[in-house]
Amino acid sequence: MTDDKRTPHSDARRSGTTRSGASRSGVSRSGTGRTGSSHSSSRSGAGYTGTRTGTSGTRRRRKKKSPFKRFLNRHFTLIMVILLALLALFIFLIVTKMKSGSGEEKPDSGVTKTTQTPTAKPDSPSPTPDPTNAAEPTATPSPEATPTPEPTPTPYVYGMCSSVTLDTEAEPVEGDNWEIDYLMLVNWSHRLKYTGNPENLVRLQDVLTADFYTIENPYTVAESKRNFVIETEEDKYDRGNRVALEHLNEMCTDFNAKTGIGIKVSQTGAYRNYATQARFWNNRDKSLNPPRTVPGNASEHRTGLGFDIWVLDSGENDTTWFRENCYKYGYILRYPSDKKKITGVAYEQWHFRYVGAEAAKEIFDLGYCLEEYIAYKNGEDLANLPTY
Ligand SMILES: [Zn+2]
């Protein structure tokens, strides 16, 4: 029904063309063919009639089958636009949903995660700076702990050093290059720990002017009746502390220049090794009290800081100039006549001890012996000093 009505319309449209005429006849034929027989018969008939009939038949079938296609043809652009719009909308929705979904998930998980992770991170870093802060205060007390060893040197006790012990019963042990302190106290109560040589020991001839030392013992020469044992091996005692010898040479040079009197520093009156000092102690004049010598580990001759000076051509070894001026060179008279009970040693006007210029001046001004000065510097009561 609709086909008939449409056909004239389509015919009327194509009436202006030559093909329309052919298509007309074709229409009637195909119309007969269609109505009268099946598709196959009309096709066979058309195939016989000629190509044109077949073609027109195909066209007609196209026309009939393609209302939708025609609709598509007419509104193809519109449809495509709509489809594209729908597609775009669809994609847009999907993308939006995915974005919103992932955005919600990410913020959700991200918020929880990021809030947790950052909180955990700042938390974990914050303890990290905490130890840093804790380590900084630890480093602060560590310098305070460094002063802790300082108290070890801080309780510096005048008269003491690592080579001195207060244990008078301790037997000295082997050891060389033991420590020298210019204020070290070596006496009856302060004993040397070692039997070997101290540090900074040099030979007299390396420092002293040739006129200022002798290989003989002037004391023995002057009073040969005393029968002292003279050490013949020079290198065992021909020595002294280098710094002390430099100042001794300066002092002797000044004395010689001012008085014209020669002096001698006995080699046995300089440094003494342990064996020599022990022999002196064993051969001491036991009638003297206090004795004029001390045990092998109680003599400061073993430090190389003490020297016996002999003024030649002075009869009784007059050391007045040295007693009055020695402090200018860092020396003190070690065993004054009025300090025998404190030093435990008889008066020796020849024995001078190097202590350094500052202490020597102070000792000279105070009128102390070395034991008194050490006790004074340590803040001790001088009345408690042991006496002999
Ligand atoms: Zn002496």
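Relative protection proxy for 242-251, 362-371, from highest mean packing down: 242-251, 362-371 (other beta-carbon atoms within 10 angstrom).
Ordering 252-264, 162-174, 75-87 by mean Cβ neighbour count within 10 Å, with the highest value first, yields 252-264, 162-174, 75-87. So, R0 is 22 Å and r is the distance between the beta-carbons of residue 242 and residue 282; what FRET efficiency does that work out to, to 0.05? So, using R0 = 22 Å, E works out to roughly 0.15.
Quick one: which of 264/328; 264/339; 286/340; 193/339; 339/377; 341/377 span more than 22 angstrom between C-alpha atoms? Before the final figure, lay out each step's value.
On the way: 264/328 19 Å; 264/339 26 Å; 286/340 16 Å; 193/339 26 Å; 339/377 18 Å; 341/377 20 Å.
From 264/328; 264/339; 286/340; 193/339; 339/377; 341/377, over 22 Å: 264/339; 193/339.
Using 1/(1 + (r/R0)^6) with R0 = 25 angstrom and r between the beta carbons of residue 257 and residue 365, what's the FRET efficiency to the nearest 0.05? So, using R0 = 25 Å, E works out to roughly 0.45.
None of the figures in this text is laboratory data; all of them are computed from the coordinates on show. Predicted model only: the values in this text are computed from it and were never measured. Reconstructed Cβ throughout: ideal geometry from the backbone, glycine too, with neighbour counts over all protein chains shown.
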